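One structure, as structure tokens, below. Some questions next.
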Amino acid sequence: MTREDWIREGKEWAQSIVVALLLTLVIRTFVIQAFKIPSGSMRPTLMEGDKLFVNKYTYRFHPPKRGAIVVFKYPEDPKKDFIKRLVALENETVEIRDGKISVDGQVLDDPETFGKFYYYNHDPFGGPNEKIKVPENAYYVLGDNSANSTDSRFWGFVPKANLVGKAVFRWWPLTKIGKLK
């Protein structure tokens, strides 16, 4: 191999590496990202150490739906990502009573999401006999492990702009691999 062949081969490798890095950056920034669960706030749905893929583009085209597991920038420290279940959308009224969640007077009892958990009251945004109105351009989120979750009951609402994406697939541990509900 001549010196020119080595240089040409090196340039081709460098171009391939640069293209691969750019594609990775674009995909991670706009399409899908891996996240690791840091706490027990979503137990038993998600356990500490579970690894997920989060769809970062879906909410650019469709609004989020109640019951979705969402990743968002923590309103009190936007450098941190949090993961919780979306309970109420903008302009809806939330109430936690006797361990159940009601939105606009309707009890959320879907056995796949809200119906299997007991939700505890907590001030200032979910105290006993308190109805909370979600402001425009915001969401109300709760951890599935209500007794051990710092969520909208404590710090309020998630601004729409803080939404990162929807948790869609658990890829670790292998024994629990699959689509999230």
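The values are calculated or read from the model by the stated rules, or taken from the named source; none is laboratory data. Just so you know, these numbers come straight off a predicted model, no measurement behind them. In this analysis, Cβ positions are derived from the backbone assuming ideal geometry, glycine residues included, and neighbour counts consider all displayed protein chains. Only protein heavy atoms, including side chains, enter the accessible area calculation; ligands, DNA and RNA are left aside. Shrake-Rupley method; radii C 1.70, N 1.55, O 1.52, S 1.80 Å.
I'd like the full set of residues that are part of a strand (DSSP E or B) and surrounded by fewer than 18 Cβ atoms within 10 Å (Cβ to Cβ), limited to the range 128-145. Give the derivation first.
The first filter runs over the range 128-145 and keeps only residues part of a strand (DSSP E or B), leaving 131-133, 138-142.
Within the range 128-145, K131, K133 qualify.
Name the pairs whose Cβ atoms lie under 6 Å apart, with the first residue in the range 53-81 and hydroxyl-bearing (S, T, Y), the second surrounded by 18 or more Cβ atoms within 10 Å (Cβ to Cβ), and 6 or more positions between them or separate chains?
T58/K166; Y59/L163; Y74/F82
Given the condition hydroxyl-bearing (S, T, Y) and buried (at least 18 other Cβ atoms within 10 Å of the Cβ), answer yes or no: does some residue in the range 166-178 qualify? Before the answer, list the steps.
As a first pass, look at the range 166-178 and keep what is hydroxyl-bearing (S, T, Y): 175.
In the following step, the residues that additionally are buried (at least 18 other Cβ atoms within 10 Å of the Cβ) were identified as none.
Scanning the range 166-178, I find no residue that is hydroxyl-bearing (S, T, Y) and buried (at least 18 other Cβ atoms within 10 Å of the Cβ), so the answer is no.
Next up: Output the residue which, of all residues in the range 87-102 that are outside any loop (DSSP other than H, G, I, E, B) and out of contact with any strand residue (DSSP E or B) (no Cβ under 7 Å at 6 or more places or on another chain), is nearest to M47 (Cα to Cα). Don't jump to the end; show me each part of the working.
We begin by selecting, within the range 87-102, every residue outside any loop (DSSP other than H, G, I, E, B); these are 87-88, 93-97, 100-102.
Going one step further and asking which of them are out of contact with any strand residue (DSSP E or B) (no Cβ under 7 Å at 6 or more places or on another chain), we end up with 96-97.
Numbers: I96: 24, R97: 26 Å.
Selected residue: I96.
Please specify each residue of the range 146-159 satisfying the condition of being in contact (Cβ under 8 Å) with a residue 40 or more places away in the chain and either polar (S, T, N, Q) or open to solvent by 80 Å² or more (accessible area, probe 1.4 Å) (or both). Working first, answer last.
Step one: list which residues in the range 146-159 are in contact (Cβ under 8 Å) with a residue 40 or more places away in the chain, which gives 148-153, 155-159.
Result: N148, S149, T150, S152.
While we're here: Scanning the range 60-86 for residues that are open to solvent by 100 Å² or more (accessible area, probe 1.4 Å) and not in a loop (DSSP other than H, G, I, E, B), which turns out nearest to P38 (Cα to Cα)?
Filtering the range 60-86 for residues open to solvent by 100 Å² or more (accessible area, probe 1.4 Å) gives 60-63, 65, 76, 79-80.
Then keep just the ones that are not in a loop (DSSP other than H, G, I, E, B); that gives 60-61.
Working: R60: 26, F61: 29 Å.
So the residue we want is R60.
Among the residues of the range 103-126, are any modelled with pLDDT under 95, assigned to a loop (DSSP other than H, G, I, E, B), of a type in the set (V, I, T) and surrounded by 14 or more Cβ atoms within 10 Å (Cβ to Cβ)?
The answer is yes; a qualifying residue exists.
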